[in-house]
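A quick write-up on the structure given underneath.
The values are calculated or read from the model by the stated rules, or taken from the named source; none is laboratory data. Because the structure is a prediction, the values reported are computed rather than measured. Here the Cβ positions follow ideal geometry from the backbone for every residue, glycine too, while neighbour counts run over all protein chains shown.
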Amino acid sequence: MVKTNVPRLRFREFDGEWNKKNLSKLTDIKDGTHSSPKYQEKGYSLVTSKNLQNGHIDFSNTSKISEEDYDSINKRSLVESDDIIFGMIGTIGNPVLIKDGGFAIKNVALIKHSYKLDSYFVLNFLLSNSFIKHIEMNNEGGTQKFISLNNIRTCPLNIPSKDEQQKIGSFFAKLDQLIELQTQKLEQLKKLKRGFLQKMFPQDGESVPRLRFSGFTGEWKSGFLGDKCDITMGQSPNSKNYTNDSKQNILVQGNADISKGKIFPRIYTSEITKISKKSEIIMTVRAPVGELAVNQFDNVVIGRGVASLSGNVFDYFLLTRIKENGIWNRVSSGSTFDAVNASDIKSVKLYIPKNNEQQKIGGFFSKLDQLINNQSKKIEALKQQKKAYLQKTFI
């Protein structure tokens, strides 16, 4: 007899079909308050959908409520260890397995811990295609999407024995730990880079860096960014000339077109206004100001949201340092819309070493960036691997 209700990928020691039941038949499902308690400067955190990020709760921007409101909300929706919460309104999903309580919830679903279910198994079911499809079929609302508590309670869940649930949950928990470990390594590399950017370029009021390669001495030469780089401000083509035809000219308009130091073509144009040549540095000049990319194409058209600067590898990291130091924020402050113009860019004061030291510094940061990029790719590969396992492990 052919078994139909089984996953495509399974641990060898398990067989037999899984059982399908509504989620509410297996555990208690609640939600947080729908009212708006009075917020105060200090108190208990009130967690909403916006605070659920990448499997964690971001407590840095939670609203605070009084002990009275905290107790009132938790009479009906107390969050405890091994419970799971996820967003019901706006960004639906982003499930989080709770380690410690001590907060209240608003417009957030609460799946209580149950002896019938392994919490890690349920957590990863909520990330699987099965649950995502259920959300897509049952979400309501117009601009602000939401899923009702009833639709969560009636969500079908295919479950194996408790032993198999625990085996699956443990597998994904270890995979999550590996992703978390690699993410921590990435953050350490980024922190290392920020530290070197501070030490390998002169501090305000100083003319030499505090950390320097051996063999280099003497003060760096003072000047302005306009003396170091030729600057071309962008000019947007007429929108009627925009196209999706990749045979036309790549158009870079702003932050949406660059990521991780590269251009990612999004739109094209048949009209050439201002161009950036290959290897020139493209910088956003409208909020957020100072995002950078090295043009890896022969020529691209640049819109008014960016500028193109001629320069070498050292200049790219010099501009990175300028942004890290908040110089663009200071230059653009006071305007209605955060932006910098050609004069603002040209007038930034800086210190420059001789060419051979520039090459040494540029090469050092290029290698560090390569380490960061390789680590990012490793994390992305693990996330894709997890996504594939989720598709095959759940029904």
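Tabulated values for the structure
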{"read-out": "Enumeration of residues in region 264-317 that are surrounded by 17 or more Cβ atoms within 10 Å (Cβ to Cβ) and of a type in the set (Ser, Thr, Tyr)", "value": "TYR268, THR269, THR273, SER276, THR284, SER308, TYR316"}
{"read-out": "Count - residues of region 272-288 that are modelled with pLDDT of 95 or more and assigned to a loop (DSSP other than H, G, I, E, B)", "value": "6"}
{"read-out": "Listing of helices (runs of 4 or more DSSP H) fully contained in region 310-395 that carry 3 or more residues being farther than 18 Å from PRO202 by Cβ and without any contact (Cβ under 8 Å) to a residue 40 or more places away in the chain", "value": "355-393"}
{"read-out": "Among the candidates GLY101, GLY55, GLY87, residue that is touching a residue at least 12 places away in the same chain (Cβ under 8 Å) and within 11 Å of GLY32 (Cβ to Cβ)", "value": "GLY87"}
{"read-out": "Within region 290-309, considering residues that are modelled with pLDDT of 95 or more and in a loop (DSSP other than H, G, I, E, B), the one nearest to the chain's Cα centre (by Cα)", "value": "GLU291"}
{"read-out": "Residue within region 153-173 that is farther than 23 Å from MET88 by Cα and exposed (fewer than 13 other Cβ atoms within 10 Å of the Cβ) present", "value": "yes"}
{"read-out": "Evaluation of SER60 against (1) at pLDDT below 95; (2) more than 20 Å from LYS145 (Cβ to Cβ); (3) touching a strand residue (DSSP E or B) at 6+ places or on another chain (Cβ under 8 Å) (one fails), failing number", "value": "(3)"}
{"read-out": "Residue satisfying condition, being touching a strand residue (DSSP E or B) at 6+ places or on another chain (Cβ under 6 Å) and of a type outside the set (D, E, K, R), within set GLY169, GLY218, GLY234", "value": "GLY234"}
{"read-out": "Unmet requirement for LEU127, which otherwise passes all of (1) in a helix (DSSP H, G or I); (2) closer than 21 Å to ALA381 by Cβ; (3) not assigned by TED's automatic domain parsing to the domain that holds ASN5", "value": "(1)"}
{"read-out": "Single condition GLY234 does not satisfy, out of (1) surrounded by fewer than 17 Cβ atoms within 10 Å (Cβ to Cβ); (2) in the same structural domain as ARG321 (by TED's automatic domain parsing); (3) within 25 Å of SER279 (Cβ to Cβ); (4) under 28 Å from the mean Cα position of the chain (by Cα)", "value": "(1)"}
{"read-out": "Counted residues, region 104-119 - those being surrounded by 14 or more Cβ atoms within 10 Å (Cβ to Cβ) and over 13 Å from PRO37 (Cβ atoms)", "value": "10"}
{"read-out": "Subset of region 246-269 (residues that are within 10 Å of VAL301 (Cα to Cα) and out of contact with any Phe, Trp or Tyr (no Cβ under 8 Å at 6 or more places or on another chain))", "value": "VAL252, GLN253"}
